[in-house]
1. Filtering region 5-63 down to residues that are among the acidic types (Asp, Glu) and more than 22 Å from the chain's Cα centre (by Cα), which residue is modelled with the lowest pLDDT?
2. Can you name every one of the helices (runs of 4 or more DSSP H) wholly within region 114-201 that holds 3 or more residues which are open to solvent by less than 30 Å² (accessible area, probe 1.4 Å)?
3. Cβ-Cβ distance below 8 Å, separation of 6 or more or different chains: which pairs start in region 180-194 with a residue that is among the small types (Gly, Ala, Ser) and end on one that is open to solvent by 60 Å² or more (accessible area, probe 1.4 Å)?
4. What pairs come up if the first residue lies in region 63-79 and is more than 19 Å from GLU137 (Cα to Cα) and open to solvent by 40 Å² or more (accessible area, probe 1.4 Å), the second is at pLDDT 90 or above and of a type in the set (Gly, Ala, Ser), and their beta carbons are under 9 Å apart, counting only those six or more places apart or on different chains?
5. Residue by residue through region 56-106, note down the ones that are over 15 Å from LYS36 (Cβ atoms) and among the polar types (S, T, N, Q).
6. Return the only residue of LYS142, LYS165, LYS153, LYS103 being in contact with a strand residue (DSSP E or B) (Cβ under 8 Å, 6 or more places away or on another chain) and farther than 16 Å from TYR12 by Cβ.
7. Within 20 Å of the chain's Cα centre (by Cα), acidic (Asp, Glu) and assigned to a helix (DSSP H, G or I): does that describe GLU81?
8. I want to confirm something. Restricting to region 84-104 and keeping residues that are aromatic (Phe, Trp, Tyr) and assigned to a helix (DSSP H, G or I), which single residue is least open to solvent (accessible area, probe 1.4 Å)?
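The values are calculated or read from the model by the stated rules, or taken from the named source; none is laboratory data. As the structure is a prediction and not an experimental result, all values here were calculated from the model. We place every Cβ from the backbone using ideal geometry, glycine too, and count neighbours over all the protein chains shown. Calculation scope for accessible area: heavy atoms of the full protein, side chains included, ligands and nucleic acids excluded. Shrake-Rupley method; radii C 1.70, N 1.55, O 1.52, S 1.80 Å.
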Amino acid sequence: MRRGDKKYRNIYFDLDRTLWDYETNARTTFYELVEKYQLEGIKSKFDSFISMFNQENERLWEEFREGKINKNDLRTKRFTEVLAFFNIHDKELAHQLGEEYLKITPTKGALMPGALETLSYLHEKYQLYIITNGFGEVQETKLENSGLNGFFKKMITSDTIGIQKPHPAIFHHALTSVHAKKAESLMVGDDLVTDIMGARR
(Lines give C-alpha, C1' and ligand atoms only; values in the text may rest on other atoms or scores of the structure.)
Protein backbone atom coordinates (compact mmCIF):
# COMPACT_ATOMS: atom_id res chain seq x y z
CA MET A 1 0.00 0.00 0.00
CA ARG A 2 1.98 2.97 -1.30
CA ARG A 3 1.36 6.57 -2.21
CA GLY A 4 4.33 7.91 -4.10
CA ASP A 5 7.35 6.72 -2.17
CA LYS A 6 5.58 6.63 1.24
CA LYS A 7 5.07 3.35 3.00
CA TYR A 8 1.93 3.11 5.13
CA ARG A 9 2.14 1.30 8.44
CA ASN A 10 -1.06 2.27 10.30
CA ILE A 11 -4.70 2.03 9.22
CA TYR A 12 -7.44 3.63 11.29
CA PHE A 13 -11.03 2.44 10.78
CA ASP A 14 -14.38 3.86 11.70
CA LEU A 15 -16.64 1.13 13.14
CA ASP A 16 -20.35 1.69 12.42
CA ARG A 17 -21.31 1.35 8.74
CA THR A 18 -17.65 0.82 7.85
CA LEU A 19 -17.03 -2.57 9.45
CA TRP A 20 -20.04 -3.23 11.69
CA ASP A 21 -23.35 -3.36 9.79
CA TYR A 22 -25.41 -0.81 11.71
CA GLU A 23 -28.54 -1.04 9.54
CA THR A 24 -28.88 -4.82 9.76
CA ASN A 25 -28.09 -5.01 13.47
CA ALA A 26 -30.36 -2.12 14.41
CA ARG A 27 -33.23 -3.47 12.32
CA THR A 28 -33.02 -6.86 14.03
CA THR A 29 -33.03 -5.18 17.44
CA PHE A 30 -35.97 -2.92 16.61
CA TYR A 31 -38.04 -5.88 15.51
CA GLU A 32 -37.32 -7.69 18.78
CA LEU A 33 -38.34 -4.63 20.80
CA VAL A 34 -41.51 -4.04 18.81
CA GLU A 35 -42.48 -7.68 19.39
CA LYS A 36 -41.59 -7.58 23.09
CA TYR A 37 -43.63 -4.44 23.81
CA GLN A 38 -46.42 -5.41 21.39
CA LEU A 39 -46.24 -2.13 19.48
CA GLU A 40 -48.69 -3.16 16.78
CA GLY A 41 -49.07 0.35 15.36
CA ILE A 42 -45.34 0.47 14.73
CA LYS A 43 -45.13 -3.14 13.55
CA SER A 44 -47.58 -2.42 10.74
CA LYS A 45 -45.43 0.53 9.61
CA PHE A 46 -42.04 -0.91 10.50
CA ASP A 47 -40.07 0.59 7.60
CA SER A 48 -41.49 4.04 8.34
CA PHE A 49 -40.51 3.64 11.98
CA ILE A 50 -36.92 2.79 11.06
CA SER A 51 -36.73 5.65 8.59
CA MET A 52 -38.06 8.10 11.19
CA PHE A 53 -35.68 6.79 13.85
CA ASN A 54 -32.64 7.11 11.58
CA GLN A 55 -33.60 10.65 10.68
CA GLU A 56 -34.15 11.66 14.31
CA ASN A 57 -31.07 9.79 15.48
CA GLU A 58 -28.84 11.60 12.98
CA ARG A 59 -30.25 14.98 14.01
CA LEU A 60 -29.69 14.31 17.70
CA TRP A 61 -26.19 12.94 17.13
CA GLU A 62 -25.37 16.21 15.40
CA GLU A 63 -26.63 18.09 18.46
CA PHE A 64 -24.59 15.78 20.68
CA ARG A 65 -21.43 16.44 18.63
CA GLU A 66 -22.06 20.18 18.99
CA GLY A 67 -22.48 19.85 22.76
CA LYS A 68 -26.14 20.90 22.75
CA ILE A 69 -27.39 17.72 24.44
CA ASN A 70 -25.78 15.10 26.67
CA LYS A 71 -25.50 11.33 26.34
CA ASN A 72 -28.64 10.58 28.36
CA ASP A 73 -30.71 13.06 26.34
CA LEU A 74 -29.59 11.40 23.13
CA ARG A 75 -30.42 7.90 24.36
CA THR A 76 -34.00 8.75 25.31
CA LYS A 77 -34.99 11.63 23.03
CA ARG A 78 -34.56 9.69 19.82
CA PHE A 79 -37.28 7.30 20.98
CA THR A 80 -39.51 9.96 22.54
CA GLU A 81 -39.72 11.88 19.26
CA VAL A 82 -40.33 8.84 17.06
CA LEU A 83 -42.95 7.32 19.38
CA ALA A 84 -44.79 10.64 19.38
CA PHE A 85 -45.01 10.46 15.59
CA PHE A 86 -46.94 7.21 16.08
CA ASN A 87 -49.14 8.85 18.73
CA ILE A 88 -47.42 7.05 21.60
CA HIS A 89 -46.68 9.55 24.35
CA ASP A 90 -45.00 7.47 27.01
CA LYS A 91 -41.74 8.78 28.48
CA GLU A 92 -41.16 5.64 30.52
CA LEU A 93 -41.50 3.46 27.43
CA ALA A 94 -39.12 5.75 25.51
CA HIS A 95 -36.57 5.48 28.31
CA GLN A 96 -36.96 1.69 28.44
CA LEU A 97 -36.55 1.33 24.69
CA GLY A 98 -33.49 3.57 24.80
CA GLU A 99 -31.85 1.43 27.47
CA GLU A 100 -32.69 -1.91 25.86
CA TYR A 101 -31.68 -0.71 22.41
CA LEU A 102 -28.19 0.06 23.72
CA LYS A 103 -27.95 -3.29 25.49
CA ILE A 104 -29.22 -5.48 22.67
CA THR A 105 -27.89 -3.88 19.46
CA PRO A 106 -24.17 -4.24 20.32
CA THR A 107 -24.66 -7.98 20.82
CA LYS A 108 -25.56 -8.38 17.14
CA GLY A 109 -22.71 -9.48 14.92
CA ALA A 110 -23.59 -8.62 11.31
CA LEU A 111 -20.65 -7.10 9.45
CA MET A 112 -20.35 -5.11 6.23
CA PRO A 113 -19.65 -7.31 3.18
CA GLY A 114 -15.99 -8.25 2.97
CA ALA A 115 -15.08 -6.69 6.33
CA LEU A 116 -13.74 -9.88 7.89
CA GLU A 117 -11.76 -10.88 4.82
CA THR A 118 -10.28 -7.38 4.48
CA LEU A 119 -9.19 -7.22 8.12
CA SER A 120 -7.76 -10.75 7.98
CA TYR A 121 -5.56 -9.68 5.06
CA LEU A 122 -4.51 -6.30 6.53
CA HIS A 123 -3.92 -7.58 10.05
CA GLU A 124 -0.75 -9.40 9.02
CA LYS A 125 0.75 -6.37 7.28
CA TYR A 126 -0.36 -3.23 9.16
CA GLN A 127 -1.13 -1.87 12.60
CA LEU A 128 -4.92 -1.54 12.79
CA TYR A 129 -6.87 0.85 15.02
CA ILE A 130 -10.45 2.07 15.52
CA ILE A 131 -11.52 5.73 15.80
CA THR A 132 -15.20 6.03 16.67
CA ASN A 133 -17.70 8.58 17.95
CA GLY A 134 -19.75 5.83 19.59
CA PHE A 135 -20.07 5.28 23.33
CA GLY A 136 -17.03 3.40 24.64
CA GLU A 137 -18.73 0.53 26.43
CA VAL A 138 -21.11 -0.02 23.52
CA GLN A 139 -18.36 -0.11 20.91
CA GLU A 140 -16.29 -2.56 22.96
CA THR A 141 -19.28 -4.91 23.07
CA LYS A 142 -19.73 -4.64 19.30
CA LEU A 143 -16.13 -5.64 18.68
CA GLU A 144 -16.35 -8.61 21.02
CA ASN A 145 -19.64 -9.95 19.67
CA SER A 146 -18.76 -9.51 16.00
CA GLY A 147 -15.41 -11.26 16.27
CA LEU A 148 -13.41 -8.14 15.37
CA ASN A 149 -11.69 -7.60 18.70
CA GLY A 150 -8.49 -9.46 17.85
CA PHE A 151 -7.68 -7.38 14.78
CA PHE A 152 -7.09 -4.04 16.48
CA LYS A 153 -4.24 -2.74 18.60
CA LYS A 154 -6.36 -0.01 20.16
CA MET A 155 -9.77 1.66 19.95
CA ILE A 156 -10.00 5.44 20.36
CA THR A 157 -13.51 6.60 21.30
CA SER A 158 -14.74 10.19 21.47
CA ASP A 159 -16.62 9.19 24.61
CA THR A 160 -13.35 8.36 26.37
CA ILE A 161 -11.24 11.36 25.37
CA GLY A 162 -14.03 13.93 25.19
CA ILE A 163 -13.48 14.97 21.56
CA GLN A 164 -15.78 14.13 18.65
CA LYS A 165 -14.87 13.45 15.05
CA PRO A 166 -14.44 15.45 12.82
CA HIS A 167 -12.40 17.62 15.22
CA PRO A 168 -8.72 17.29 14.24
CA ALA A 169 -7.72 16.76 17.88
CA ILE A 170 -9.17 13.24 18.00
CA PHE A 171 -7.10 12.23 14.99
CA HIS A 172 -4.02 13.87 16.51
CA HIS A 173 -4.64 11.90 19.71
CA ALA A 174 -5.09 8.70 17.71
CA LEU A 175 -1.64 9.19 16.20
CA THR A 176 0.30 10.36 19.25
CA SER A 177 -1.23 7.78 21.61
CA VAL A 178 0.38 4.96 19.59
CA HIS A 179 3.44 6.91 18.38
CA ALA A 180 2.28 6.76 14.77
CA LYS A 181 3.40 9.18 12.07
CA LYS A 182 0.80 11.01 10.00
CA ALA A 183 2.64 10.29 6.74
CA GLU A 184 2.47 6.57 7.48
CA SER A 185 -1.23 6.47 8.43
CA LEU A 186 -4.56 6.15 6.63
CA MET A 187 -8.18 6.69 7.73
CA VAL A 188 -10.98 4.47 6.41
CA GLY A 189 -14.59 5.46 7.07
CA ASP A 190 -18.04 5.81 5.54
CA ASP A 191 -18.75 9.46 6.42
CA LEU A 192 -17.28 12.13 4.13
CA VAL A 193 -17.35 14.86 6.79
CA THR A 194 -16.81 13.00 10.06
CA ASP A 195 -14.20 10.52 8.86
CA ILE A 196 -12.59 11.74 5.66
CA MET A 197 -12.59 15.53 5.96
CA GLY A 198 -11.86 15.26 9.68
CA ALA A 199 -8.79 13.13 9.00
CA ARG A 200 -7.60 15.40 6.19
CA ARG A 201 -7.79 18.41 8.48
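1. First, pick out the residues of region 5-63 that are among the acidic types (Asp, Glu): 5, 14, 16, 21, 23, 32, 35, 40, 47, 56, 58, 62-63.
Next, from what is left, pick out any that are more than 22 Å from the chain's Cα centre (by Cα): 5, 35, 40.
Numbers: ASP5: 45, GLU35: 97, GLU40: 93.
The extreme case among them is ASP5.
2. Numbers: elements: 115-123, 136-146, 158-161, 168-176.
Of the helices (runs of 4 or more DSSP H) lying wholly inside region 114-201, those with at least 3 residues that are open to solvent by less than 30 Å² (accessible area, probe 1.4 Å) span 115-123, 136-146, 168-176.
3. Pairs found: ALA180/ARG9; ALA180/GLN127; ALA183/LYS6; SER185/ARG9.
4. Final answer for the pair search is LYS77/ALA94; LYS77/GLY98.
5. Of everything in region 56-106, those that are over 15 Å from LYS36 (Cβ atoms) and among the polar types (S, T, N, Q) turn out to be ASN57, ASN70, ASN72, THR76, THR80, ASN87.
6. Numbers: LYS165 fails: farther than 16 Å from TYR12 by Cβ; LYS153 fails: farther than 16 Å from TYR12 by Cβ; LYS103 fails: in contact with a strand residue (DSSP E or B) (Cβ under 8 Å, 6 or more places away or on another chain).
Criteria check complete, one pass: LYS142.
7. Details: within 20 Å of the chain's Cα centre (by Cα): no; acidic (Asp, Glu): yes; assigned to a helix (DSSP H, G or I): yes.
So GLU81 does not fit the description; no.
8. Within region 84-104, the subset aromatic (Phe, Trp, Tyr) is 85-86, 101.
From what's left, assigned to a helix (DSSP H, G or I): 85, 101.
Details: PHE85: 122, TYR101: 11 Å².
So the residue we want is TYR101.
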